[in-house]
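Below: the structure, in C-alpha cells.
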Amino acid sequence: MLAMVSVAAEDPARDWTAPGVYSVAPGVYRIPLPLPLDALRAVNVYAVVDGDDLVLIDSGWALDAARDALVAGLAGIERALGDVRRFLVTHLHQDHYMQAIVLRREFGMDVALGKGEQPSLDIVSGSTELPESAYGSRLRAAGAMDLMTRLAAVGRPPRDPRIWGQPDEWLSDRATAAVGERELTAVATPGHTRGHLVFTEFDAGLLFAGDHVLPHITPSIGFEAAPADFPLRDFLDSLQLIRSMPDARLLPAHGPVTASVHERVDALLDHHDRRLGEIEALITRGAATAFEAASMMTWTRRQRALSELDIFNEMLAVLETMSHLDVLVLQGRLRRTEIDGSRHYQVA
C-alpha cells in the first residue's frame with residue numbers, strides 16, 4: 001500500500017529531492033522521482049493540469065521506486081497514471097524518457113520528443129550494446145587512450161532496445177502543445193543533447209527547463225550516441241536564446257524551482273567564459289590534448305582532481321574539456337591538428 005501524500009507548497013528550505021507533490025503555480029505540480037545514481041538523486045517530473053486534461057513533462061527512470069513515487073504524487077492531486085494524456089519529454093536521457101515508454105505500453109498515452117534526438121535514438125534502439133562511437137572515438141580524439149581502455153574493461157550492461165521505443169510525435173522548434181486551455185511552446189535548445197527542448201508557458205511566466213538550465217550544477221555537454229560537432233557552441237547559443245526571451249520562473253529537471261531563468265543563465269555563461277579562459281591558459285602552459293588539460297583542472301564544486309572522479313564522470317570531464325577546446329578553435333584563439341587520431345591544440 002502506497003502512502004498517501006498531499007500537495008505541499010514549494011519551500012526553498014526543503015530538500016528538493018524529498019518525495020511528495022509540490023505546487024509550483026496554479027495547475028502545475030512538481031513530483032521528484034528517485035534515481036539510481038550517487039551524485040544525482042532525483043529528477044523532477046512536472047504535472048500540468050487544466051480541467052480534465054493532464055500532461056507530464058518528463059517521466060523519470062523506469063524503476064519500481066520511481067513509478068511508486070509518481071503514482072503517489074498523482075494521487076495527491078487526485079489523478080492516476082491512466083489519466084495522463086501525454087508525456088512531453090525534454091530529451092532522450094533515460095532519467096527523462098525511459099519511464100514514458102514503459103508506461104505507454106500499459107496505458108496508451110502519447111509520448112512527444114524533440115526531432116533532434118532522432119539520430120541518437122535510432123542508434124540506441126537498434127542495438128543492445130552501446131556503440132563504440134558513443135564514447136570510444138571521442139576519447140581517442142581527446143587523447144584519453146588509457147581511459148578508453150579502462151572503460152572497455154569495465155563494460156556496460158546490455159541495453160534493451162524495447163525501452164528505447166520511438167515517440168508518437170517528433171516535436172520541432174516552436175511547436176505548441178495544448179493542455180486544456182493552456183498552451184506550452186517547445187523551444188529547441190541543443191547542447192546538453194542535440195534535440196533538447198525546453199517548454200515555456202509564456203502567459204504564466206514559466207520555463208520547464210529540463211537539463212538545459214539547472215540551478216546548482218552545470219549540465220554535461222553532448223554526451224549522446226550521435227553527438228553534434230560542436231555541442232558547447234550549441235549550448236552557449238541556446239543559453240543566449242533563452243536569455244533573449246522574457247524572464248520566467250525556472251522549473252528545472254534537477255534542483256529546486258527558482259525565481260529567475262535569466263539569473264542562472266548569466267551565471268552559466270560566466271562559468272563557461274571563465275572555463276574557456278582557464279583551458280586556453282593550460283594550452284599555453286604546455287597541455288596538448290583534452291585529456292592533458294582535464295588532468296590539470298579541478299572538477300565539481302568540491303574541486304576534485306580528474307583522477308578522483310569515478311570513471312563515468314572522468315569521461316564526461318574529458319569530453320567537456322574537448323568541447324571547450326573546440327570552441328576556442330572556432331573563436332580563433334587556438335588551432336588544432338590531428339596526430340594518430342588524437343586532437344592536439346596549440347596557441348593560434
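Bear in mind that the values in this text are calculations on the coordinates, not laboratory data. What you see is a predicted model, and the numbers here were worked out from it, not measured in a lab. When we count neighbours, we look across all protein chains shown, and the Cβ atoms used for this are built from the backbone with ideal geometry, even at glycine.
General observations
- Restricting attention to the chain, close to 70% of DSSP beta bridges with both partner residues there are antiparallel.
- Residue among Asp53, Asp64, Asp326 with the largest mean-square fluctuation in a Gaussian network model of the chain, springs linking Cα atoms under 10 Å: Asp64
- Ratio Rg/Rh [Cα only; Rh per Kirkwood] for region 211-287: 1.02
- Rh (Kirkwood; distinct C-alpha pairs) - region 227-348, Å: 15.7
- Its DSSP H runs of at least 4 residues, each contributing -39,500 (n - 2.57), put the calculated 222 nm mean residue ellipticity of the chain at -10500 deg cm²/dmol, to the nearest 500.
- Farthest positive-ward along region 1-141 dipole, Cα basis, beta-carbon charges - from Val102, Val7, Ala39: Ala39
- Gyration tensor (alpha-carbon) shape descriptor, region 153-285, a/c threshold 1.5: oblate
- Computed lengthening from Asp15 to Ala152, 0.36 nm per intervening residue step minus Cα-Cα distance: 45.7 nm
- Percentage, to the nearest whole number, of Cα pairs in region 38-85 over 13 Å apart: 57
- Projected onto planes of every orientation and averaged, the convex hull of the alpha-carbon atoms in the chain covers 17.1 nm².
- The trypsin sites (Lys or Arg not before Pro) of region 280-348 that meet both conditions, a loop assignment by DSSP and at most 12 other Cβ atoms within 10 Å of the site Cβ, are Arg285, Arg301, Arg302.
- Binning the alpha carbon pair distances of region 308-348 at 5 angstrom intervals from zero yields the distribution 6, 23, 22, 21, 16, 10, 2, expressed in whole percent.
- Positive-end ranking of Ile217, Met315, Trp61 along the dipole of the chain, with charges on Cβ about the Cα centre, is headed by Met315.
- For region 277-348 versus region 16-33, the spacing of their alpha-carbon centroids is 38 Å.
- Averaging 1/r over every pair of different alpha carbons in region 1-106 and inverting the result gives a Kirkwood radius of 13.7 Å.
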